[in-house]
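As structure tokens, the structure follows; a few thoughts come after it.
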Amino acid sequence: MPYTPNLRFYTAAAMTLVYVAHRRHDQYTYLYQELTKEHPAIAEDCIRQLHALLSTNPEITLSSPNVDILTTAKTYFEARYHAELLYRPGARKHRFNFGPDVEPKTIATVLSRFRSVFGLIADLGWRIGRPFAQIAIPAYLVRRHRQSQKMSPPYVYYRIKGGRRVAVPILHNKTLPDELRRAAQAAGWSSRDLAILEICLSSGARIDEVTGLTWASLVDGGLLARNKGQGDALIKNLSLNSAARAALDHHLTNREGLGQDQDRKEDYQAWLKGRSHTPERYVRYLLSKNLELSQVPIFLTRQGNPYTPASFRRHAWGSAMKCGNLVVVIHQTRHWRINQDLTEIAEAHGASPKEHVPALLAYTERMGWVDALSIATYDHAGVATKLLKLYFREVKLLARESIEHPDEAPERGKERARVSGMTFEGQL
């Protein structure tokens with residue numbers, strides 16, 4: 001949906017009115033009412049796209065000739081979507097041309113909105129012709145985009161340079177953490193949000209696991225979190241590096257960052273009796289009030305409510321992406337961390353499958369995966385996944401042979417391992 005700050009929709013008495021610059025726009029209002037009869041789900045987006053297009057060239061109107069509408073559309077698509085509309089006056093059909101970083105589905109959606117709204121305008125007799133009826137997206141661009149999906153999130157993030165997206169692979173990337181930190185600093189993040197970012201980068205935890213941390217999660221040497229799909233038990237041990245520990249300690253020692261409501265602030269102040277705040281004293285305070293530590297989140301809003309992943313994305317992450325000229329999804333920090341860990345494991349044990357496989361199995365257990373092959377979702381290089389699949393195939397074959405040929409199974413297993421170039425017998 002395009003950004004149209006001077007366009008507003010107001011609903012009163014079961015009727016929606018459209019305003020532009022605080023003045024009611026009768027044509028937009030009527031078009032919106034008619035669109036809701038046939039296409040209620042897209043009516044607002046149609047009006048917003050129409051207004052954004054007309055705003056590109058103040059000289060055109062709803063009744064302008066097709067040639068003027070399409071000439072303006074050419075400028076609109078290039079400026080807003082980085083797609084080139086190959087419009088030639090007099091041609092029967094017009095096509096698009098765009099790079100692999102432009103998603104055909106986005107262009108197709110915008111075209112659909114224009115066809116709907118300009119088709120309605122023509123049906124109402126306000127204009128002659130349907131300017132977007134003969135525009136198509138070439139099939140080869142769709143195929144190229146599909147082939148480039150392996151170079152799309154979560155495999156890459158984007159830097160915005162000169163108004164265009166520049167894809168940056170996550171695999172073997174060392175700069176992503178510093179880019180995110182600079183963006184967070186530019187956005188003026190609080191100690192709470194900085195701590196969340198550092199924990200995500202250090203542990204590879206999901207954002208909901210981090211925002212869901214409670215005061216019961218604090219254990220000597222680390223953090224315990226809930227694991228996805230395994231209830232409320234604190235069973236997942238999050239690995240913290242020095243940066244994550246420092247950020248978390250700063251948040252916990254920052255009393256204003258605790259997000260207490262006014263009543264708890266006053267009560268805690270009275271309980272302190274002039275002493276300074278420390279995390280240890282705050283835990284004792286919570287226990288003195290018979291509060292379950294597992295029910296008190298570490299990260300709260302300023303009003304004292306639980307800080308949710310949606311709140312983090314909306315209030316912190318979005319502003320940082322704008323300030324840092326980045327397009328990154330917070331879940332990509334998990335992909336980044338896991339691939340960094342897999343690279344380190346491969347560098348330490350990759351020369352010996354007998355060491356590499358146990359290290360991978362231990363890592364999958366630490367990450368809380370019930371199925372070790374869940375690693376395939378995050379393994380961008382594919383080496384760890386291939387190795388574990390081979391390992392489990394060998395395990396199944398040896399288990400089957402031990403039942404069918406109990407006396408010959410060990411020798412068969414050694415021969416197969418020798419032929420495949422891997423020696424797993426010590427781990428079976």
Quick one: Debye curve from the alpha-carbon atoms of the range 156-327 only, equal weights, vacuum; give me log10 I(q)/I(0) at q = 0.10, 0.15, 0.18, 0.20 Å⁻¹ to two decimals. -0.42, -0.89, -1.20, -1.41
Quick query: amide H of L223 versus all other amide H atoms, modeled in the peptide plane; which residues come in under 5 Å with a sequence gap of 5 or more or a different chain? L238
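May I ask you to order 161-174, 19-32, 239-252 by the average number of other C-beta atoms within 10 Å around their residues, highest value first?
Details: 161-174: 12.9, 19-32: 14.9, 239-252: 17.3.
Those peptides, ordered most packed to least, come out 239-252, 19-32, 161-174.
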Starting from the Cα-Cα distance between Q295 and D267, subtract it from 0.36 nm times their residue separation and give me the gain in nm to one decimal. 8.3 nm
Determine the relative contact order of the chain: mean sequence separation of Cα pairs under 8 Å and six or more apart, normalised by residue count, in whole percent. 12 percent
How much length is gained on full extension from K389 to A122, taking 0.36 nm per residue of separation minus their Cα-Cα distance? 90.2 nm
Option label - semi-axes √(5λ) of the Cα gyration tensor in Å computed here, alternatives [x] 52, 31, 21; [y] 35, 29, 24; [z] 50, 36, 18: [z]
Can you work out ³J(HN,Hα) from phi for every residue in the range 247-253, in order, using Karplus 6.51 cos²θ - 1.76 cosθ + 1.60 and θ = phi - 60°, giving whole Hz and x for Gly and Pro? 5, 5, 4, 5, 5, 5, 8
Hey, can you grab everything whose amide H is under 5 Å from the amide H of L326? Only 5+ residues off in sequence or another chain; H modelled, so Pro and N-termini drop out. I160
How large is ³J(HN,Hα) for each residue in the range 287-292, as worked out from phi by the Karplus curve 6.51 cos²θ - 1.76 cosθ + 1.60 (θ = phi - 60°), to whole Hz, x for Gly and Pro? 5, 5, 9, 6, 9, 6
Which FRET efficiency, nearest 0.05, do L287 and A246 yield, Cβ-Cβ r, R0 30 Å? 0.70
For the modelled label position 7 Å from the Cα of A233 along Cα-to-Cβ, which residues of the range 371-387 have backbone nitrogen atoms closer than 20 Å? 371-372
Residue-by-residue Karplus 3J(HN,Hα) for the range 294-300, coefficients 6.51, -1.76, 1.60, Hz, glycine and proline x: 6, 9, 10, x, 6, 9, 10
Work from the charge dipole of the chain (Cβ charges, +1 for Lys and Arg, -1 for Asp and Glu, about the Cα centre) and give the residue of M367, L141, V67 farthest towards its positive end. V67
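Every number in this text was worked out from the coordinates using simple rules, so none of it is lab data. Treat the numbers as computed from the prediction; the structure is a model and nothing was measured. Cβ: placed from backbone, ideal geometry, glycine included. Neighbour counts: every protein chain shown.
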